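These notes are about the structure you will find just below.
Just so you know, all these numbers are worked out from the coordinates, no wet-lab data involved. Keep in mind that what you see is a predicted model, and the values were worked out from it rather than measured. Reconstructed Cβ throughout: ideal geometry from the backbone, glycine too, with neighbour counts over all protein chains shown.
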Amino acid sequence: MKTKLLLVVTVLILVPVTIYAVNARVETVEGDLFQVSDFSMDGRRTFSIDRAGGIGRLDWKEITSFEIKPMGGNYWIEVQFTTEKKDTLRLRQFSSFKGRSDFGQVSIPFEKVKKVSLLLTGDEGKKKEDLTMKESILPADSTPSELARITLRNGDILMGDLLAESISIRTIYGTISFKKMDIQKVNLGKGAGGQKEGEKDILYSKYGDKLTGTITETYLKVKLRTDTDVSILRQHIQEIEFAISPDMERK
């Protein structure tokens with residue numbers, strides 16, 4: 001009997017933790033912007049803060065967004081409550097943020113996060129569902145006509161089908177791979193002999209994600225409209241735009 005009672009109590013303690021899933025839109029100090037599911041601060045979904053009379057806890061269920069502000073050797077958070085009230089509070093404890101993106105697990109150092117918007121259930125997938133619906137009503141033969149436009153550093157522009165099925169970018173959160181159908185644009189940093197500080201690559205997804213880092217591919221293969229395959233070293237590429245239709249190209 002005691003064993004059963006202990007089991008019930010244990011389940012009651014654990015259930016609120018496991019069912020309380022948080023999804024978030026994260027903006028980093030580098031300007032990265034992406035969506036994370038099952039978002040937490042190393043498993044915690046509360047903040048330990050200074051409050052009148054001592055240390056208190058702030059549950060993320062009470063807030064819609066928070067912005068991290070380093071001040072005087074401490075970290076403060078500017079909080080937007082669900083009641084629309086705002087407040088700035090000093091953090092007592094903090095650690096890396098963790099969660100899942102569509103492109104794998106992410107771990108984000110606390111000091112690299114600028115702002116987090118906590119999403120209501122279902123909101124995180126709305127834009128992606130809308131885009132998927134728009135794509136699904138396109139004619140069946142529309143996808144093959146969409147090309148990649150590759151702008152080289154010498155000013156040349158190539159149009160063709162990028163033969164790689166995905167592109168990977170190495171960030172401080174790990175190496176993340178995107179299917180080419182999910183990418184809107186890639187800007188590549190300068191420097192043929194390796195990137196310098198401040199010359200990061202930037203990848204924009206069709207869903208509003210923006211990630212800075214280093215594109216891991218050393219070259220890209222493209223099938224040109226002349227049906228010729230070419231390999232282009234990444235240091236010669238300035239920008240790649242995806243899903244360019246022939247009509248867009250003429251404009």
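For the peptides 235-244, 46-55, what is the packing order when you average, over each peptide's residues, the other Cβ atoms within 10 Å and list the highest mean first?
In decreasing order of mean packing, 235-244, 46-55 become 235-244, 46-55.
Starting at the first residue of segment 26-40, write each ³J(HN,Hα) from the Karplus equation 6.51 cos²θ - 1.76 cosθ + 1.60 with θ = phi - 60°, in whole Hz, x for Gly and Pro.
10, 10, 9, 5, 7, x, 5, 9, 7, 9, 10, 9, 6, 6, 7
Hey, fewest Cβ within 10 Å first, where do Met41, Met71, Met159 land in order?
Met71, Met159, Met41
What ³J(HN,Hα) values, in whole Hz, does the Karplus curve 6.51 cos²θ - 1.76 cosθ + 1.60 give for segment 151-163 when θ = phi - 60°, with x put for Gly and Pro?
9, 8, 5, 8, x, 5, 10, 10, 10, x, 9, 5, 7
Amide H to amide H, which residues 5 or more places from Lys114 or on other chains are under 5 Å from it, using H placed in the peptide plane?
Glu27, Thr28, Val29
In whole angstrom, how far apart do the alpha carbon centroids of segment 86-119 and segment 154-188 sit?
Each part's Cα centre sits 26 Å from the other's.
Taking amide H positions as placed 1.01 Å from N in the peptide plane, with prolines and chain starts having none, which residues 5 or more places from Arg92, or on another chain, fall under 5 Å of its amide H?
Ser48, Ile49, Asp50
From a point 7 Å beyond the Cα of Lys69 in the direction of its Cβ, which residues of segment 87-111 have a backbone N at a distance under 14 Å?
Of the residues in segment 87-111, 87-91 have backbone N under 14 Å from the label point off Lys69.
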